[in-house]
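Report on the following structure.
The values are calculated or read from the model by the stated rules, or taken from the named source; none is laboratory data. Predicted model, so just to flag it, every value in this text is computed and none were measured. Cβ: placed from backbone, ideal geometry, glycine included. Neighbour counts: every protein chain shown. Please note that ligands, DNA and RNA were not included when accessible areas were found on the heavy atoms of the full protein model with its side chains. Shrake-Rupley method; radii C 1.70, N 1.55, O 1.52, S 1.80 Å.
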Amino acid sequence: MADEAAGYGDRLLPVWRAIWKDYRKGDGSRARARRGFLTPPADRGRLIWVKAGGTPEDVRLGIELLGAVRDKRHDVRIVLTFEQDYPALFERHMQPFRKVGVGYGPCDRPRVVRRVLERFQPHGILLAGGQTPANLLRSTAVPVIAVNTAPPVGTVPAVAGFWPVDAKAEQGWPPEARGTTLPPADPQARFVEAQADVVLRSLVGGRVERLWWWHGTAGDWPAWQAAWQASGWGGTDILLASLHDEPEAPRSELPGADLAISGWDRSPLAPGTILHLDDRRWLAAAASAAHAVHLAAPDRQALWQGLAGGAAVSLGEAPDAEVPCPVLDAPDAVLGAWNDLRDDPAARRQQGDEARRRFWEERRQVDANFDAVLQQVWDW
């Protein structure tokens, strides 16, 4: 992924190396897009360019911004470009809008930037995550809004609007490089399910007393699995386990899991089952059904989904966002905390309520920031 990201910057050698790899793989359309040979939608109207980065979070944000702008402005054409394609994201979240173009985007080489600006002639630009395209900012005279975009390297003209993902990201941007600055907020809080039906607990059957959700990396899993098996909780409870990877990456196997949820026929499960959540669409159900949640590797989607579920949540490492969750780095420490919560519904409810309040606080700020961005776009 480092090569992919470098190939969209402004350094000559990484860009041409990426273009050569595109052609070698038979992906000429991506190579041409990287060089700026892009064609806008043929319809009439001013053009808004949504430029997304290369992570699933960036592309999801770009899709959301595109849809929000289309709902607000029916008179404009919109182009969404991205650095990495995630077909499942587009299949689930992209509507068949008119006057919209979607595809790979350009690198940030000066000549490429000039070519794209000449072809698009945008009326405004929305940056959705990714690295700050310094040459694009230096070359364009139209307003630019940076949403969750990494700080620029070097001196760049100020963007018209700046939306940081958290306080750390806000501090990283030079004050002279940002215009109207919105309060920090993570858009991923808008993309998780805020109200999930608690169906998972009933589906597993009445023989199971409790469900617990663990989310971490493949490297963390062996130690956690050993601690879980040594705990003896398998006689009554079920462990829901998911891996921290790219949301749209191929499903990874979980060694030692009894069943993957993608292959579950919804028949009752025996106590002690380790159920692998290999489909992220089940994370909302897990967050709502679990007695407690431990996010050993709290990626942003899992973090906000865990808080939204209303369960007691602990983390394996402190995130950049401020959340009311203890940080527990050892499996034994997590199981000890869970043991204290097993038969203490009042403590679980108190911690779950705090987590849910923090989620809704973030969600309301995200919604307010979306409204502010769309008002700027409307004023264009």
*Helix 12-24: angle to the longest alpha-carbon principal axis of the chain, degrees 0 to 90, nearest 10?*
70 degrees
_Leaving out ligands, DNA and RNA, and with a 1.4 Å probe, what % of the accessible surface on the chain is carbon or sulfur?_
48 percent
*Select from segment 220-327 those trypsin sites (Lys or Arg not before Pro) which occupy a DSSP coil region and have at most 16 other Cβ atoms within 10 Å, ordered by residue number.*
251, 266
_Can you give me the angle between helix 110-120 and the longest principal axis of the chain, using Cα atoms only, in degrees from 0 to 90, rounded to the nearest 10?_
90 degrees
_Compute the helix-to-body angle for 56-72: its Cα long axis versus the longest principal axis of the chain, expressed 0 to 90° and rounded to tens._
60 degrees
*Excluding ligands, DNA and RNA, what is the solvent-accessible area per residue of the chain at a probe of 1.4 Å, expressed in Å²?*
45 Å²
_Viscosity 1.002 mPa s, 20 °C: Kirkwood-radius Stokes-Einstein D of segment 11-115 over Cα pairs, µm²/s_ = 149 µm²/s
*Unit Cα scatterers, Debye sum, segment 255-315: log10 I(q)/I(0) for q = 0.20, 0.29 Å⁻¹*: -0.83, -1.29
_Suppose we flag GluC sites (Glu not before Pro) only when DSSP calls them loop and at most 11 other Cβ atoms lie within 10 Å. Which is the longest uninterrupted stretch of the chain?_
1-252
*Dipole magnitude of the chain about its Cα centre, charges +1 at Lys/Arg Cβ and -1 at Asp/Glu Cβ only, in debye to the nearest 20?*
2020 debye
*Work the Kirkwood hydrodynamic radius out for the chain: mean of 1/r over every pair of different alpha-carbon atoms, inverted, in Å.*
22.3 Å
*Out of 148, 290, 103, whose Cα points farthest toward the positive end of the dipole of the chain (charges: +1 Lys, Arg; -1 Asp, Glu; placed on Cβ)?*
103
*By the gyration tensor of its Cα atoms, with a ≥ b ≥ c the square roots of the eigenvalues, what is the shape of segment 119-275: rounded for a/c under 1.5, prolate for a/b over b/c, or oblate?*
prolate
_Rh by Kirkwood over Cα pairs, then Stokes-Einstein D for segment 80-161 at 1.567 mPa s and 4 °C, µm²/s_ = 93 µm²/s
